[in-house]
Amino acid sequence: MDSNSTRIHPIMTELSPTTFFNDLPTEMKITIFTFVRTMADKRAVCLVSREWRRLMPPMLWDVFVPTFQPLPTGSLTALLQSGSNILPHIKRIHVRVIAPSGTEKVHDPSVEASLKFIIGALPKNVLQRFTSDMSFSTSFFMHLLQSQQQWQTFNLRWHPLHLKVPSEIVSAGQAVWLASSLGSLKQLTLYADPTCASNLDDCRFLIQSTDQLDALEIRGFKSKPSIEILCVQLFSGLEPVDGTPARILCPSRLTFCNLDLATKPTTMPYLRYENLVKLLHGCTELQELAITICPIYLGPIERVGSDFALDADSQLPQTELEALLDIIVRQSKLHTLRILALPTIDFHALQGPPGNVGREQLINIHVNAVQVAMQRFASQVMSYMAGRESKLKVLAMSPYLQLSSFPDKDENGHRWPNYHYTRSWDIDARGIEHVVALSLTHAALEMPESRLLYDN
């Protein structure tokens, strides 16, 4: 064959011009089916023929999302039948509980019992991911870890009523086999309570038993003591006999760390300088970080943030924010920073009679001024960190909060309290280049490598 001629794949040479889809090799059919995205289309594929129904289930049921209302008995029976061809293909479970509007998704023993039946019927060691938007008892997680031991992602959300009982996870008879069950775990989400010693013991054991862990999220229960207490207690080793301070031990392989105790969008506890230094000291691979930092005051709204400045070259003593940013800059691989508390803007001068206008209404009235203030703050942070040779690419000011109502969007497409920016450059009238923050309208789509931009 001439070197310039088109080369034909060997498989295609075996196909006649009248080849139909059913004549394709099984591997090619499966590859084509992977491009079927929606559940409705996947179900339609299963109805075409017996062969297609046999090929589609691994893609149709890879992610199993039971929505308990609670689950009808008939549906549960059909699911557990050996001929359903569903259970052998389930690798990831995300539990959704549909609660009546305005009510909280609380621990439901009937949902827990139904899930135990489903998990007990699965082949051993097929589940890789378990997440949920509702709480479960510690005994349920013990059952889950006993039957499945090839975990990659785990969301451990304990029900508060089960936090006060003695620790079940770190008891002498459980620790060895639990550690082996978690050996392949890469992503872990924990809900911790600093007031409950057994809960902290369990969380600490789980963190320190995951040698392959590269993504860690710590969520706190609302109205609990500060994140300062949580991090020191949760990541500390045993207190040395000589009385020296306990070290804060964070998994060295972490590339993703999210420490969230958000209860309000602007005022919440934060990590002080000395503890942030200890926490990040061993995290040499960190690429994404979400934390609360010290309170930031941008001044009155009529001056739209012009009172705030970070001065990298000033001879004045460092501010607390500058000191915290200097610690974060040491993470040489960090590309995404999510600040879980918004800077404070003073609306008092414009508010009028006390209690007459709510915060959301004030932000709606001054939405463009808030936009300018937030962008100025983001540009100051980006410029400050770039001046210290940081590789930070994405900056978000975005608490993990579910609000009943949101103000209007600003001209950047941002809606309070969520603001996202990426690093960019601008040239002033003198021809000097400056680092600035460029707004991201659809942050999760524009920066897919930044997992912290996805709310979960």
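The values are calculated or read from the model by the stated rules, or taken from the named source; none is laboratory data. Source: prediction; values computed, not measured. For neighbour counting, all protein chains shown are included, and Cβ atoms are generated from backbone atoms with ideal geometry for every residue, glycine included.
Worth a mention:
- Only residues that are buried (at least 17 other Cβ atoms within 10 Å of the Cβ), modelled with pLDDT under 75 and either of a type in the set (S, T, N, Q) or in a helix (DSSP H, G or I) (or both) were counted in segment 201-227, giving 2.
- Going through (1) modelled with pLDDT under 85; (2) in contact with a strand residue (DSSP E or B) (Cβ under 8 Å, 6 or more places away or on another chain); (3) surrounded by 14 or more Cβ atoms within 10 Å (Cβ to Cβ) one by one, residue 65 falls short only on (3).
- Meets criteria (surrounded by 11 or more Cβ atoms within 10 Å (Cβ to Cβ), in the same structural domain as residue 256 (by TED's automatic domain parsing) and part of a loop (DSSP other than H, G, I, E, B)) for residue 424: no
- Selection status of residue 235, at pLDDT below 75 and of a type in the set (Phe, Trp, Tyr): yes
- Any hit, segment 318-327, residues being surrounded by 18 or more Cβ atoms within 10 Å (Cβ to Cβ), at pLDDT below 75 and closer than 30 Å to residue 364 by Cβ: no
- Within segment 407-420, residues that are more than 17 Å from residue 362 (Cβ to Cβ) reach partners that are of a type in the set (Val, Ile, Thr) with beta carbons closer than 8 Å, at six or more positions or on different chains, in the pairs 412/441; 413/441; 420/394.
- Segment 184-200: number of residues that are at pLDDT 80 or above and part of a loop (DSSP other than H, G, I, E, B): 3
- Test for residue 441: is it in a strand (DSSP E or B), of a type in the set (S, T, N, Q) and either touching a residue at least 24 places away in the same chain (Cβ under 8 Å) or surrounded by 21 or more Cβ atoms within 10 Å (Cβ to Cβ) (or both): no
- Neighbours by Cβ (under 9 Å, 6+ apart or cross-chain): first from segment 366-395, assigned by TED's automatic domain parsing to the domain that holds residue 426 and over 17 Å from residue 294 (Cα atoms); second assigned to a loop (DSSP other than H, G, I, E, B) and of a type in the set (Phe, Trp, Tyr): 366/347; 367/416; 370/416; 373/308; 376/308
- Checking each residue in segment 328-361 for being at pLDDT 70 or above and of a type in the set (Val, Ile, Thr) picks out 328, 329, 336, 339, 344, 345.
- Qualifying residue in segment 121-130 (condition: in contact with a strand residue (DSSP E or B) (Cβ under 6 Å, 6 or more places away or on another chain), surrounded by fewer than 20 Cβ atoms within 10 Å (Cβ to Cβ) and either at pLDDT below 75 or outside any loop (DSSP other than H, G, I, E, B) (or both)): yes
- Scanning segment 359-402 for residues that are crowded, with 19+ Cβ neighbours inside 10 Å and among the hydroxyl-bearing types (Ser, Thr, Tyr), we see that the one that is farthest from residue 310 (Cα to Cα) is 398.
- Residues in segment 139-160 that are β-branched (Val, Ile, Thr) and either surrounded by 19 or more Cβ atoms within 10 Å (Cβ to Cβ) or farther than 17 Å from residue 95 by Cα (or both): 0 in all.
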